[in-house]
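Asks: Let me give you the structure first, and then I'll get to my questions.
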Amino acid sequence: MNSQDKNWENLFGYITTEGGAWHGIWTVYSLDKEVLNSFKAVRKFQANQEKTLITQTNKYSYSDGTELEKTWQIEKQICSQPDGVIYPTFLSMRAVSFGEGKSAWVSKKLEAGKKFATELFFRYQDWRTSVAIIYAESGDLERITIVSEHLNSFANRPAKAEIQKLSGKWSGQKEYMNSDLQISASVENQELVLEPTQPKNKTISLPDDITVNVPEKVKIGEEFEIVSGKLVRKNEYKRLTAKYDNLGAFAMLISEVFRLQEQ
C-alpha cells in the first residue's frame with residue numbers, strides 16, 4: 001500500500017457504513033486561558049461500502065438555543081492527495097495520520113494576510129481530544145480551541161486540572177511523517193520534557209491535562225513548530241508536533257507516545 005492510500009486508511013479506515021459520531025464539548029480559550037466560548041457539537045462520519053466516500057456532518061448546538069448543521073463529502077479519488085486529504089470546504093488544509101488516532105489537520109502553508117491553523121488529535125479508546133491553534137491574519141496567536149469528544153454519546157467525565165509536572169521515569173517512541181506522507185520507523189525517546197520548545201515557544205497549560213507549546217507569532221522567513229500534548233491516562237502521554245520550514249510550508253508531523261515506567 002502506498003503512502004497516500006495508507007494515510008486515507010489511517011484517517012477513515014475505522015468508519016463503517018452505519019457511521020459513528022463524536023459527541024463533544026468545544027471550549028475556546030484566549031492566550032490568558034480565559035474561556036471565550038463553549039458549546040456542544042457532534043461530528044458524524046459515514047462511509048460507503050468501499051470506503052471511498054466519506055460523508056461528514058457537523059451539528060453545532062449553542063447556549064442561546066441556536067443550532068447549525070454542515071455536511072460535506074470527502075471523495076477518495078478527488079480528495080486523497082500525495083500531501084494529505086483535502087476537505088472540500090478547506091482547500092488550504094490537509095488531513096494526515098499515523099493511525100491509532102494520532103492525526104492532524106494542518107495548514108499547507110503560511111500565507112501573508114491569511115488566517116493559519118493547525119488541529120492536533122489524540123485518541124484513547126472511545127475518547128478523543130483535539131487542540132486547534134488559530135493565528136490571525138497578522139500572524140499573531142489568536143485563540144486555542146479544545147474539543148473533548150466521546151464516541152457515539154455525550155459522556156460525563158470529571159474535569160481534570162492542568163498539568164504542573166509529571167513525576168517518575170517516562171520513556172517513549174517517536175515517529176516522523178514528512179510532507180509527502182512517508183513515515184519513518186519509530187525510534188526510542190528516553191526523556192519527557194513538557195516544555196520542549198522553550199524559550200522559543202510559549203507554553204500554556206490547559207484543563208483536561210493538556211499542554212500547548214506554540215509561537216506567539218508566526219511569520220514567513222522563520223522556521224516554527226506547533227506542539228501539543230495530552231495525558232490520555234495516568235501513565236500515558238501523547239504529543240504531536242507540526243513543523244514548518246522558513247518559507248512557511250508544512251514540513252513534518254512528529255508523533256511521540258510516552259509511558260510511565262514501573263519503579
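Asks: So, by mean Cβ neighbours within 10 angstrom, what's the order for 239-250, 175-186 with the highest one leading?
Replies: Put in order of decreasing packing, that is 239-250, 175-186.
Asks: Of the cross-linked pairs Lys174/Lys230; Lys33/Lys108; Lys109/Lys219, which ones have a Cα-Cα span greater than 18 Å in the structure shown?
Replies: Result: Lys33/Lys108 exceed 18 Å.
Asks: Here's something else I'd like to know. Please sort 5-12, 86-93 by packing, taking for each peptide the average over its residues of neighbouring beta carbons within 10 angstrom, highest first.
Replies: 5-12, 86-93
Asks: Related question: Would the stretch 1-149 count as rounded, prolate or oblate if I go by the C-alpha gyration tensor, calling it rounded below 1.5 in a/c and otherwise prolate when a/b exceeds b/c, oblate otherwise?
Replies: oblate
Asks: Glu222 label point, 7 Å along Cα→Cβ, cut-off 15 Å on backbone N: hits in the stretch 139-157?
Replies: 139-142
Asks: If you take the square roots of the eigenvalues of the alpha-carbon gyration tensor of the stretch 99-192 and sort them as a ≥ b ≥ c, do you get rounded (a/c under 1.5), prolate (a/b over b/c) or oblate?
Replies: Cα axes put the stretch 99-192 in the oblate bin.
Asks: How large is the accessible surface per residue of the stretch 1-93, computed with a 1.4 Å probe and reported in Å² as a whole number?
Replies: 56
Asks: While we're looking at this one, here's another question. Under a plain spin-label model, where a point goes 7 Å from the Cα along Cα-to-Cβ, how far apart in nm are Leu31 and Ala112?
Replies: 2.2
Asks: Still on this structure, I have one more. Could you tell me what percent of the accessible area of the chain is made up of carbon and sulfur, with a 1.4 Å probe and every protein chain present?
Replies: 48
Asks: Between Glu162 and Val187, with labels modelled 7 Å along Cα→Cβ, what's the label distance in nm to one decimal, could you check?
Replies: 3.3
Asks: To the nearest Å, what is the center-to-center distance of the stretch 63-100 and the stretch 139-186, using C-alpha atoms only?
Replies: Here the answer is 20 Å between Cα centres.
Asks: Related question: Below 8 Å, C-alpha to C-alpha, sequence gap of six or more: please give me the relative contact order for the chain in percent.
Replies: Once normalised by length, the contact order is 16 percent.
Asks: Another question, if that's okay. With every protein chain left in place, what is the accessible area per residue of the stretch 155-213 in square angstrom, probe 1.4 Å?
Replies: Ligands and nucleic acids excluded, the figure is 60 Å² per residue.
Asks: When all protein chains stay in place, what accessible area (Å², nearest 10, 1.4 Å probe) is found for Met1?
Replies: Spelled out: Met1, probe radius 1.4 Å, area about 150 Å².
The values are calculated or read from the model by the stated rules, or taken from the named source; none is laboratory data. Worth saying up front: this structure is predicted, and the values here are computed from it rather than measured. Every residue, glycine as well, gets a Cβ built from its backbone with ideal geometry; the counts of neighbours run over all protein chains shown. Please note that ligands, DNA and RNA were not included when accessible areas were found on the heavy atoms of the full protein model with its side chains. Shrake-Rupley method; radii C 1.70, N 1.55, O 1.52, S 1.80 Å.
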